[in-house]
Amino acid sequence: AVNFKDASVSDDEADILRKIARGEQRGYEFRITGGSQGSPVPTGFYQQIVKVARLVNPLLDYATVLNTASGENLQIPSQATFSTATIVGQGVSIGTSEPTFNAFTTLGAYKFSALSQLSRELILDAGVDIIGFLAEQFGNAFAFGIGDKIVNGTGTVEPTGFLTQAGTGVTGATGTTGAFTADNVIDLVYSLDGALRKLPSFALLANSTSIAALRKLKDSQNRYLFEISDRADRADLVLGVPVIETPAMPSPGTGVRSLAVGDLKSLYIRNAGGLAVDRSDDFAFGNDLSTWRATWRLDSALIQKSNIKVFRGGTA
């Protein structure tokens, strides 16, 4: 899997959060730095949030993630065609064949923010793991909020979701309310180049409703296509392809893109800067609550658009 780089991992981060909790410091930006050297060290706060986000939205564990210090536009190239080879006779000039490239894809930085409130009693109670609590709250918030835009975003004042960019591999039959069949799934998987199917980042994306439907599909011998996995990453399989549960994927419906399959590494997520955490005692002063705000800036796009295909439900 293509992973987020580790955040700075030291006791300083815990001290910073405790200072914010005690009101000694108003805010801090947890920067993304180099990876761990393998020694047993405490987990950074940024990394704790990312860990929760991955559990809620496993798609984050497969995409290509680019970490940058700031949010200036970042241009990513993609290839349209490859060079070709031809038979050439003895003494005959070899013609040129150069690959062609698509227009650059520009990644910016959209701001995602989340609020969480803590009571004064919770902050003062030494037995409460404030860091773990905040990491869980913000991790879940970002996983659902960011995950939805990575999948379904319009590209206007928000990231461009890959569902709006991926091509249609298979369209379902009419009059089936968007349901897919075993043959549809087979055709979808094999609508992509064979070289892509060999990649470790090749997977099928679906929400829980679609996965339940996948598990019920059978072949002509009444055997289920779905395989319960014994893989280390615990990803179940359909036709040998890992199935990644993605909450933001739509449920089957008329004209709806409910399944996506392909090289998930072609989906790029750009992180701009670090994770900013701030606290205010004024926002909910009347309820004796401190309000915590986390801000994460990123953008996403499907760079090689032909590398992911979708199943589209048939018309009514």
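Would you say residue 90 is farther than 29 Å from residue 58 by Cα and out of contact with any His (no Cβ under 6 Å at 6 or more places or on another chain)?
yes
Would you call residue 131 part of a helix (DSSP H, G or I), touching a Leu at 6+ places or on another chain (Cβ under 6 Å), modelled with pLDDT under 90 and surrounded by 11 or more Cβ atoms within 10 Å (Cβ to Cβ)?
When the stated conditions are applied, residue 131 passes them.
Out of the residues in the stretch 286-316 that are basic (Lys, Arg), in contact with a strand residue (DSSP E or B) (Cβ under 6 Å, 6 or more places away or on another chain) and within 27 Å of residue 273 (Cα to Cα), which is modelled with the lowest pLDDT? Explain how you work it out, then say what you get.
Initial filter on the stretch 286-316 (basic (Lys, Arg)): 293, 297, 305, 309, 312.
Retained after the next criterion (residues that are in contact with a strand residue (DSSP E or B) (Cβ under 6 Å, 6 or more places away or on another chain)): 293, 297, 309, 312.
Retained after the next criterion (residues that are within 27 Å of residue 273 (Cα to Cα)): 293, 297.
Details: 293: 90, 297: 94.
Filtering first and then ranking leaves 293.
Does residue 151 fit the bill of being under 18 Å from residue 239 (Cβ atoms) and not in a loop (DSSP other than H, G, I, E, B)?
Values: under 18 Å from residue 239 (Cβ atoms): no; not in a loop (DSSP other than H, G, I, E, B): yes.
So residue 151 does not fit the description; no.
List the pairs whose first member sits in the stretch 108-130 and is touching a residue at least 60 places away in the same chain (Cβ under 8 Å) and in the same structural domain as residue 278 (by TED's automatic domain parsing), whose second member is exposed (fewer than 15 other Cβ atoms within 10 Å of the Cβ) and not in a strand (DSSP E or B), and whose Cβ atoms are under 7 Å apart, counting only residues at least 6 apart or on separate chains?
108/73; 119/288; 120/288
Considering only the stretch 53-82, state which residues are without any contact (Cβ under 8 Å) to a residue 60 or more places away in the chain, under 21 Å from residue 305 (Cα atoms) and charged (D, E, K, R).
Result: no residue meets the conditions.
For the stretch 263-292, which positions are farther than 23 Å from residue 45 by Cα and either in contact with a Leu (Cβ under 8 Å, 6 or more places away or on another chain) or not acidic (Asp, Glu) (or both)? I'd like the intermediate steps shown before the answer.
Residues of the stretch 263-292 farther than 23 Å from residue 45 by Cα: 263-268, 282-288.
If the condition is that a residue be farther than 23 Å from residue 45 by Cα and either in contact with a Leu (Cβ under 8 Å, 6 or more places away or on another chain) or not acidic (Asp, Glu) (or both), then 263, 264, 265, 266, 267, 268, 283, 284, 285, 286, 287 are the ones that fit.
Condition check ((1) under 29 Å from the mean Cα position of the chain (by Cα); (2) not β-branched (Val, Ile, Thr)) across all residues:
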{"residue": "53", "(1), (2)": "yes, yes"}
{"residue": "56", "(1), (2)": "yes, no"}
{"residue": "64", "(1), (2)": "yes, no"}
{"residue": "76", "(1), (2)": "yes, no"}
{"residue": "83", "(1), (2)": "no, yes"}
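Output the residues belonging to the stretch 207-221 that are in contact with a Pro (Cβ under 9 Å, 6 or more places away or on another chain) and either among the hydroxyl-bearing types (Ser, Thr, Tyr) or in a helix (DSSP H, G or I) (or both).
Step one: list which residues in the stretch 207-221 are in contact with a Pro (Cβ under 9 Å, 6 or more places away or on another chain), which gives 207-210, 213.
Matches in the stretch 207-221: 208, 209, 210, 213.
If you take the residues in the stretch 279-316 that are among the small types (Gly, Ala, Ser) and over 23 Å from the mean Cα position of the chain (by Cα), which one is farthest from residue 145 (Cα to Cα)? Spell out the reasoning first.
Initially, the stretch 279-316 is screened for residues among the small types (Gly, Ala, Ser), giving 280, 284, 286, 290, 294, 300-301, 306, 313-314, 316.
Among the residues that remain, those that are also over 23 Å from the mean Cα position of the chain (by Cα) are: 280, 284, 286, 290, 313-314, 316.
Numbers: 280: 22, 284: 23, 286: 29, 290: 23, 313: 25, 314: 29, 316: 31 Å.
Per the criteria, the residue is 316.
Name the strands (runs of 3 or more DSSP E) wholly inside the stretch 257-316 in which the number of residues that are closer than 24 Å to residue 72 by Cβ is 3 or more.
Working: elements: 257-263, 267-284, 289-302, 308-312.
Fully inside the stretch 257-316 and qualifying: 267-284, 289-302.
Run residue 172 past the list (1) in the same structural domain as residue 245 (by TED's automatic domain parsing); (2) surrounded by fewer than 18 Cβ atoms within 10 Å (Cβ to Cβ) and report the number of the one that doesn't hold.
Here residue 172 clears every test but (2).
To keep it simple, each residue is scored yes or no on (1) in a helix (DSSP H, G or I); (2) surrounded by 15 or more Cβ atoms within 10 Å (Cβ to Cβ).
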residue: 136; (1), (2): yes, yes
residue: 142; (1), (2): yes, yes
residue: 146; (1), (2): yes, yes
residue: 158; (1), (2): no, yes
residue: 183; (1), (2): yes, no
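May I ask you to verify whether residue 203 is at pLDDT 95 or above and either within 16 Å of residue 172 (Cα to Cα) or touching a helix residue (DSSP H, G or I) at 6+ places or on another chain (Cβ under 6 Å) (or both)?
Details: at pLDDT 95 or above: yes; either within 16 Å of residue 172 (Cα to Cα) or touching a helix residue (DSSP H, G or I) at 6+ places or on another chain (Cβ under 6 Å) (or both): yes.
Yes; evaluated as a whole, the condition is true for this residue.
The values are calculated or read from the model by the stated rules, or taken from the named source; none is laboratory data. Keep in mind that what you see is a predicted model, and the values were worked out from it rather than measured. Because the Cβ atoms are built from the backbone with ideal geometry, glycine has one as well, and the counts that use them run over all protein chains shown.
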